[in-house]
Amino acid sequence: MTMCFLINNALSLIGFAIGLFIGFLVGFAGLLCSKTRDVKDPVVRPLQEFDSSSLLDIFLEIPLWVKSPDYERVDWLNKIVSDMWPFLDKAICTEIRRNVEPMFDEYIGKYLIKSIYFDSLTLGTFPPAVHGLKVVESNEKELIFEPTVRWAGNPNITVVLQFWFLAVRLQLVDLQIFMQPRITLKPLVPTFPCFANISVSLLNKPDIDFGLKVLGADIMAIPGLYQFVQEMVTRQVASMYLWPWTLEVPVLDSSLGTTKKPMGMLHVKIIRANRLLRKDILGSSDPYVQLSLSGERLLSRKSSIKKNNLNPEWNEDFKLVVEDPHSQDLHLNVYDWEKIGTHDKLGMQVIALKSLDPNERKEFTLDLQKTMNPNDPHNKKQRGQITVELTLMPFKKDDHTRKDESFGNDIDEQKQISGMGLLLLTVIGAKEVEGNHHKNPYALVLFRGEERKTKSIKKTRNPNWNQEFEFMLEEAPLKEKMRIEVLSKRGGISFRSKISLGHVDVDLEDVVRNGHINHKYHLINSSNGIIHLDIQWRVI
């Protein structure tokens, strides 16, 4: 029974890996563009040479660009994919490892499993082919196209389940896929490559066929198992990407100004949970709540742990920065804390911020679910409830009123310099930074004991970072300073791996009183160095 369970989970993980391959493959293919290259003409044979059965097979293989005028022939794209396939293979496999290996960790220590890992992961030497491409018109700032993709490849994906006494190898071979995805490039922005994200979803269930070996034996030869495994993997892929479910692939870094600026703050109060699942051996659980906003760049927040309690009371407050209340969701995940091993998930819920009215407190009591997929049969099991209280508080508009002769504006300034708010720093770039052997500059932000770093720009004295940092504060930083230091790190082995190229201390009182400062500062301890900063104080 345990072995069947493990094989079932391994197949699900393989299905997840195949799904990631489908999404990333089409996403990468959507980025490619080049000049059309000549393609050899196909061999033409008269129809009378074929019998009725052969004609039927031919008609099934006719590409969509022949059947429908909406689809275009893209031989040029197939040629590019073929030339780039060795590099796409490595890039896609890297993404598969990054997404699937954390899932492997959840099974370590369970069912006598010592480790799970990819022994080999390659998509083979045969690239997929696009048999037609349809572009969909849209009034939004997005580009939508629908290719028809076929792939008969020779991948070698091997997963090893290492037990304390045995190593089980599961090998995926001879993979064939036919799918019709919808690829959306959005939003369109004035920064190369002119779109920020790739969204991939499947219009229909994909046709997937593959071989599977366990301990070197082809288990697909077992009667009845072939159809069961094929259907399970197809269902797993469809549950992840069949429309309206999508795979989001970020292309542009959020620091490049393509994402929305913070619009407000979400106050979250985790009140309680009731009738949680029993996960511990003694018939209880040690629950805690993890919460985050979709699209948020910061780490998720966690509540305290309530030991041996299936009806915990927290009454804990959290503050999250909101960028777009119309599209963002609050994700609540309840876990059972474990001292050793992976924490078990007790349930989850999602709350759309568009259901909140500004500055109005709203309480939710929600049934916990296994996943947010409405078709998931695991959601029929009772997992308890969670009660939270939410308040969406928008920031004041950027056109801050200032003190003048009127008494009303005097009150507005008082609000500006008191109370909580968001300090928003954008390190735009620097000019003429010095350093004899150090030409890989990055900026280090020091504020209230925290350190934040920008990315390192190689081989330049004029770095352009455009990187944004957020500091949520309970009160205005009137008597505080923020230090931004430009450093450079030398590659390879060196006794002086990094060196300071200058710094600046910014008086934040000017930022608070003015609301917004965009200024170029001369770097201290630098002859000609200049750093360009944009700092905002957003009041709730």
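Quick notes
- Top-ranked residue in segment 91-149 [being crowded, with 17+ Cβ neighbours inside 10 Å and in a loop (DSSP other than H, G, I, E, B); ranked as modelled with the lowest pLDDT]: Y107
- Residue match in segment 420-442 (condition: farther than 14 Å from S488 by Cα and modelled with pLDDT under 85): yes
- Within segment 155-184, the residues that satisfy the criterion of being more than 13 Å from K213 (Cβ to Cβ) and not in a strand (DSSP E or B) are W164, F165, L166, Q180.
- Every pair of residues 6+ apart whose Cβ atoms lie under 8 Å, when the first sits in segment 207-235 and is closer than 16 Å to F178 by Cα while the second is of a type in the set (F, W, Y) and surrounded by 12 or more Cβ atoms within 10 Å (Cβ to Cβ): D207/F178; Q230/F210; V233/F210
- Residue match in segment 364-386 (condition: open to solvent by 70 Å² or more (accessible area, probe 1.4 Å), within 24 Å of G421 (Cβ to Cβ) and not aromatic (F, W, Y)): no
- Only one entry in M179, M240, M232, M263 is of a type in the set (A, V, I, L, M, F, W, C) and open to solvent by 70 Å² or more (accessible area, probe 1.4 Å), namely M263.
- Checking segment 464-487 against the condition returns no match, with no residue being open to solvent by less than 30 Å² (accessible area, probe 1.4 Å), over 30 Å from L266 (Cβ atoms), modelled with pLDDT of 85 or more and not hydrophobic (A, V, I, L, M, F, W, C).
The values are calculated or read from the model by the stated rules, or taken from the named source; none is laboratory data. The structure presented is a predicted model; accordingly, all values stated were derived computationally and were not measured. When we count neighbours, we look across all protein chains shown, and the Cβ atoms used for this are built from the backbone with ideal geometry, even at glycine. Surface accessibility is based on the protein's heavy atoms, side chains included, excluding ligands, DNA and RNA. Shrake-Rupley method; radii C 1.70, N 1.55, O 1.52, S 1.80 Å.
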